[in-house]
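Derivation of every value follows stated rules applied to the coordinates shown; laboratory data play no part. Keep in mind it's a predicted model, so treat the numbers as computed, not measured. Cβ coordinates were reconstructed from backbone atoms using ideal geometry, including for glycine residues, and neighbour counts include every protein chain displayed.
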Ligand code: NDP
């Protein structure tokens, strides 16, 4: 059916490639392109020989001309951006220049400011519309499936959703004293930033990790979770009818937070460049270089993740409470695709989003967040492609 150019060859890209190859009827041809071509070649070597034709290429995704040349040469139907958030705009520029559909899993961030918002990418709406191409933003798990879950809840069970709490629990244990489950630089920028949530149309800011709750997660049990800023709050507050308050919580162990505090206190999480022996280095980038590569956590991680949305609102004038979530097992993911559940829960939705576009189910000119499309075919595909979901109409609520 189609041909996809996958940019990036890290933890998430590896899952996307595995899943595209499993879904060979849709992904007849893929090209894996990244800065370090040997990583693309290693993935090709592992998965070659099936029905999907795999090629590889070297590309610097910060360079629009290089991207345009690659797209013109390969002529993909869609570009799946699973490089880093810093590359979102250059890849969108190249897609515009070549009239190629676009999908990513994280919103654009400038390298020198940890600022998470959609404004930069939403500014492309008119240009994508005029070019007749679709951009699907934030199609991982959170953002991604959390938006699809919210749209599904609204479509089937509510007239208005007043409160959404997105809960992201990782009860996985990799056995290292400290490691991050996805790109350490992006992860640490996210969790050391101030927290925030939206109430009555206003952003309320909190200190990092200021708001803590304990939640009894299905299939995982009690976990400490902390309120974080998260990018889907911004789009869901606009796109889901009736929102009065929307919050995002993620679980962290005391051990993780203690390590992070020490690293922060000694300046290792800073993104301000410093001079070291005549060379400019960014402490956080140096820290990334010495921490375990998230891709190496796969064989060591045991336990489960549980990510979902608790929605409260009304249907036909009556109050409704609804919890929809996915539980994913790190070891099962590793057995299937050689990655832990964090990469798995991001890579599977990225493949599904690309499939939705190639099948014409999620295709309209412009720039969209996932909750702006019909959730039903995506929800069905989650069950089929490895992320089955469960629902409850009497969930424990978060205070
Ligand atoms: P990794 O660091 O494992 O992989 C990133 C890849 O991008 C690497 O292969 C890297 O190349 C490549 N890359 C970086 N810069 C460039 C560049 N200038 N040109 C070409 N390639 C480049 O990250 P992850 O796989 O963990 O994460 C990928 C994306 O997924 C991130 O944007 C992250 O924010 C997002 N994510 C989204 C989640 C969600 O639920 N929505 C959850 C987790 C992650 P090299 O090998 O040379 O470094």
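Some points to look at:
- Test: residue in region 177-196 that is surrounded by fewer than 18 Cβ atoms within 10 Å (Cβ to Cβ), over 21 Å from the mean Cα position of the chain (by Cα) and farther than 25 Å from residue 379 by Cβ: yes
- Taken over region 134-158, the criterion of being assigned to a loop (DSSP other than H, G, I, E, B) and crowded, with 24+ Cβ neighbours inside 10 Å is satisfied by 138, 139, 141, 142, 143.
- Residue match in region 220-237 (condition: more than 16 Å from the ligand (Cβ to nearest atom), part of a helix (DSSP H, G or I) and either touching a helix residue (DSSP H, G or I) at 6+ places or on another chain (Cβ under 8 Å) or without any contact (Cβ under 8 Å) to a residue 60 or more places away in the chain (or both)): yes
- Taking the criterion of being in contact with a helix residue (DSSP H, G or I) (Cβ under 9 Å, 6 or more places away or on another chain) and away from the ligand (no atom under 16 Å from the Cβ), the residues of region 305-320 that qualify are 311, 313, 315, 320.
- Residue check for residue 350: touching a residue at least 60 places away in the same chain (Cβ under 8 Å) and not in a strand (DSSP E or B): yes
- Filter result (touching a strand residue (DSSP E or B) at 6+ places or on another chain (Cβ under 8 Å), part of a loop (DSSP other than H, G, I, E, B) and more than 15 Å from residue 236 (Cα to Cα)) within region 175-212: 181, 194, 207, 208, 209, 210, 211
- Qualifying residue in region 77-89 (condition: more than 21 Å from the chain's Cα centre (by Cα) and touching a residue at least 40 places away in the same chain (Cβ under 8 Å)): yes
- Test: residue in region 94-104 that is touching a residue at least 40 places away in the same chain (Cβ under 8 Å), part of a helix (DSSP H, G or I), within 12 Å of the ligand (Cβ to nearest atom) and under 26 Å from residue 39 (Cβ atoms): no
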